[in-house]
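In what follows, a structure is listed as structure tokens, so that the remarks can point back to it.
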């Protein structure tokens with residue numbers, strides 16, 4: 001099978017995993033050659049690329065990896081007559097990340113949509129009218145560790161990856177470990193160097209941005225590293241047992257306590273790392289997941305691990321675009337906060353409370369007992385209006401006067417001119433504005 005694979009990923013930092021068949025990769029960081037083609041950065045015309053394909057070579061399958069960064073986005077998919085597969089990457093950070101990818105998927109025609117690494121995001125694409133939609137973790141993107149298992153490991157907490165301005169919480173946790181005198185070895189590194197590092201460290205640190213199961217998760221497991229990661233909700237789809245396949249922390253204090261505990265137990269860490277690798281080899285290798293995805297594309301039965309979690313729809317909620325806009329603002333604020341207390345006031349924004357309940361460090365509260373669907377996500381929404389929240393979320397059309405107390409106000413829908421004027425006079429300023437009809441205001 002001939003596969004044309006469009007992606008912004010490229011070696012040496014990330015070398016995309018090969019799909020089964022004769023694969024030709026295209027992207028802005030690839031050069032023109034026998035097995036690759038360069039594309040313009042960001043949007044490019046697929047018809048122009050097809051005209052440059054090697055003589056006699058035509059794809060049987062087109063795969064496009066597209067995420068919120070928009071670094072490699074194919075347009076004019078009608079230039080190819082073969083099946084087309086969209087792999088949806090990061091939509092959990094950045095400016096309007098969900099909106100960007102949804103708009104692209106709506107503008108083109110794909111035969112299958114695969115959401116990764118945020119399984120909990122599947123419902124947005126289903127609600128936007130895309131079908132079919134399945135989930136597969138970041139296993140599709142990695143090249144597993146292929147070296148020998150290392151049994152004598154350095155007594156350190158190893159980390160390889162980004163910990164800069166986009167990863168504020170990750171930086172804070174790494175610095176917190178170091179401040180307690182714990183042996184942390186952290187720094188960015190190409191994929192191959194990172195794999196060797198995780199194979200040699202007693203603990204392999206990981207930290208999500210917004211409840212995502214990132215590539216590092218499966219790379220650590222493949223290397224037999226002892227995965228030391230933040231605990232995610234069940235909707236994330238990470239099927240690992242705490243203390244057997246990995247070690248999960250719940251907060252900064254818990255992280256430090258666990259690090260101290262497990263660094264004193266090197267044999268137990270090795271045992272957990274090897275058990276995690278066995279779980280990876282049994283069900284999570286790129287080859288296994290690629291075969292499962294291709295089977296769906298061929299009309300086969302969907303493997304249970306690819307099924308997305310059910311949506312939790314609230315009757316009489318705001319339009320989808322407004323819900324997405326509100327969620328994008330909240331998840332960006334959640335990215336930077338250790339804990340985010342959010343009060344939703346009004347029947348219209350109850351749906352937004354349920355949407356936000358998949359963010360693991362966000363506490364969604366309702367000001368009044370509105371009706372909620374019976375779902376795992378809904379059960380995380382609390383009926384509690386006591387205390388001053390970090391963020392107050394309201395229906396802009398029902399806002400009569402500026403609120404007292406919270407430092408952030410998120411309005412859903414379009415506020416009247418008089419309301420905007422009253423908020424401005426009361427000292428509120430726009431901190432973030434989304435095109436779908438949601439505005440975050442800050443006090444002062």
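Quick notes
- Qualifying residue in the stretch 347-362 (condition: under 24 Å from residue 212 (Cα atoms), surrounded by fewer than 22 Cβ atoms within 10 Å (Cβ to Cβ) and not assigned by TED's automatic domain parsing to the domain that holds residue 119): yes
- Search result, residues across the stretch 20-31 that are surrounded by fewer than 20 Cβ atoms within 10 Å (Cβ to Cβ) and either in contact with a helix residue (DSSP H, G or I) (Cβ under 8 Å, 6 or more places away or on another chain) or not assigned by TED's automatic domain parsing to the domain that holds residue 78 (or both): 20
- Those residues of the stretch 384-415 which are loosely packed, with under 12 Cβ neighbours inside 10 Å and within 22 Å of residue 319 (Cα to Cα), in sequence order: 400
- Test: residue in the stretch 351-360 that is modelled with pLDDT of 95 or more, out of contact with any helix residue (DSSP H, G or I) (no Cβ under 8 Å at 6 or more places or on another chain) and over 21 Å from residue 117 (Cβ atoms): yes
- Every residue from the stretch 231-251 that is surrounded by 16 or more Cβ atoms within 10 Å (Cβ to Cβ) and assigned to a helix (DSSP H, G or I): 235, 236
- The one condition in (1) touching a helix residue (DSSP H, G or I) at 6+ places or on another chain (Cβ under 9 Å); (2) at pLDDT below 95 that residue 288 fails to fulfil: (2)
- Among the residues making up the stretch 279-293, those that are touching a residue at least 12 places away in the same chain (Cβ under 8 Å) and within 15 Å of residue 241 (Cα to Cα) are 279, 280, 283, 284.
- Against the test of being loosely packed, with under 14 Cβ neighbours inside 10 Å, in contact (Cβ under 8 Å) with a residue 60 or more places away in the chain and in the same structural domain as residue 69 (by TED's automatic domain parsing), the options 34, 16, 11, 40 yield a single qualifying residue, 11.
- Verdict on residue 369 being within 21 Å of residue 96 (Cβ to Cβ) and either in the same structural domain as residue 120 (by TED's automatic domain parsing) or loosely packed, with under 14 Cβ neighbours inside 10 Å (or both): no
- Exactly one residue out of 342, 296 is outside the structural domain of residue 254 (by TED's automatic domain parsing), in contact (Cβ under 8 Å) with a residue 40 or more places away in the chain, in contact with a strand residue (DSSP E or B) (Cβ under 9 Å, 6 or more places away or on another chain) and outside any strand (DSSP E or B), and it is 296.
The values are calculated or read from the model by the stated rules, or taken from the named source; none is laboratory data. As the structure is a computational prediction, the values presented were derived from the model and not from experiment. Note that each Cβ is placed from the backbone with ideal geometry, even for glycine, and that neighbours are counted across all protein chains shown.
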